[in-house]
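Asker: Here's a structure for you.
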Amino acid sequence: MTTTSLQSQQSRRSILPLLTGAIFSPPLIANAENTASGKIDTPKFVQQYPDFVETSEGWSYKDVQAGSGNVAVEDGDRVVFDWSGYTIGYFGRPFEAKGGPQGGAFDKSLDYFRTTIGSHTVIPALESALQTMKPGGVRQIIVPYGPLSYPPTDLDHVAMGPKPTTFSGMRALNFVLENPRVDRTLLFNVKIIRVDKKDGKGGFIRG
């Protein structure tokens, strides 16, 4: 083997680990301020939603349709709502599809989801969003991954919902929730059907 051939093989071997690292290392996205100061915080994903209002808690919303009435949602009230959900940070795949936030299946008679405010049976961002809505209102809610979203210890989504109603929906949701290499931000479309006020006796007055 010639000296030139041996040097060529050694060169290719030294480059291979660098290429492998480039392919399999997760991308790091840092903002300019952190880069300039030498600090690297938790990476921020590219997707931004400027037409949504960000709350102090960290979730964002956009009201598609205002509700009506003077009903104020309080702890202990039962909220009946319809919903759809999408992995907005990962190709926008639906994990619960109901035809969108306007018209369609939202206006049909369905087995709606029910939750009692304060019972923590839905994810925190959604429970907070429901408290400032009125019957008939339609809201889009963006939920970042973390304490505002589904807990990682309840992948069957029994303790804290809303739970997808199909196997394919569960699979689509959990694929994203269990994958730290993708943006696990979720989008919910919610329509309030009615608010059942607590009656003070452990029951509800149908709204």
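The values are calculated or read from the model by the stated rules, or taken from the named source; none is laboratory data. Note that the coordinates shown come from a computational prediction; the quantities given were computed from them, not determined experimentally. Every residue, glycine as well, gets a Cβ built from its backbone with ideal geometry; the counts of neighbours run over all protein chains shown. For the accessible areas, the whole protein counts, side chains as well, though only heavy atoms, and no ligand, DNA or RNA atoms are used. Shrake-Rupley method; radii C 1.70, N 1.55, O 1.52, S 1.80 Å.
Asker: Output yes when any residue across the range 146-155 is touching a strand residue (DSSP E or B) at 6+ places or on another chain (Cβ under 6 Å), surrounded by 13 or more Cβ atoms within 10 Å (Cβ to Cβ), more than 15 Å from residue 79 (Cβ to Cβ) and at pLDDT 95 or above, and no when none is.
Answerer: yes
Asker: Oh, and also: Is it fair to say residue 142 is in contact (Cβ under 8 Å) with a residue 40 or more places away in the chain and more than 20 Å from residue 193 (Cβ to Cβ)?
Answerer: For residue 142, the condition - in contact (Cβ under 8 Å) with a residue 40 or more places away in the chain and more than 20 Å from residue 193 (Cβ to Cβ) - is met.
Asker: Quick one: is residue 180 surrounded by fewer than 18 Cβ atoms within 10 Å (Cβ to Cβ), in a loop (DSSP other than H, G, I, E, B), within 15 Å of the chain's Cα centre (by Cα) and at pLDDT below 95? Please lay out each step first, then the result.
Answerer: Details: surrounded by fewer than 18 Cβ atoms within 10 Å (Cβ to Cβ): yes; in a loop (DSSP other than H, G, I, E, B): yes; within 15 Å of the chain's Cα centre (by Cα): yes; at pLDDT below 95: yes.
Criteria met by residue 180.
Asker: Which one is most open to solvent (accessible area, probe 1.4 Å) among residues in the range 183-203 that are farther than 21 Å from residue 147 by Cα and of a type in the set (A, V, I, L, M)?
Answerer: Top of the filtered list is 193.
Asker: Residues of the range 46-70 being at pLDDT below 85 and open to solvent by 90 Å² or more (accessible area, probe 1.4 Å), which ones?
Answerer: Listed by number, the residues that qualify are 46, 48.
Asker: Looking at residue 80 and the list (1) β-branched (Val, Ile, Thr); (2) at pLDDT 90 or above; (3) in contact with a helix residue (DSSP H, G or I) (Cβ under 9 Å, 6 or more places away or on another chain), which single condition is not satisfied?
Answerer: Of (1) β-branched (Val, Ile, Thr); (2) at pLDDT 90 or above; (3) in contact with a helix residue (DSSP H, G or I) (Cβ under 9 Å, 6 or more places away or on another chain), only one is false for residue 80: (3).
Asker: What pairs come up if the first residue lies in the range 119-139 and is under 10 Å from residue 81 (Cβ atoms), the second is hydroxyl-bearing (Ser, Thr, Tyr) and open to solvent by less than 10 Å² (accessible area, probe 1.4 Å), and their beta carbons are under 9 Å apart, counting only those six or more places apart or on different chains?
Answerer: 122/115; 126/115; 130/115
Asker: Can I ask one more? Would you mention how many residues in the range 97-132 are open to solvent by less than 10 Å² (accessible area, probe 1.4 Å) and at pLDDT 95 or above?
Answerer: 8
Asker: In the list 163, 201, which residue meets the criterion of being under 24 Å from residue 60 (Cβ atoms), without any contact (Cβ under 8 Å) to a residue 12 or more places away in the chain and not aromatic (Phe, Trp, Tyr)?
Answerer: 163
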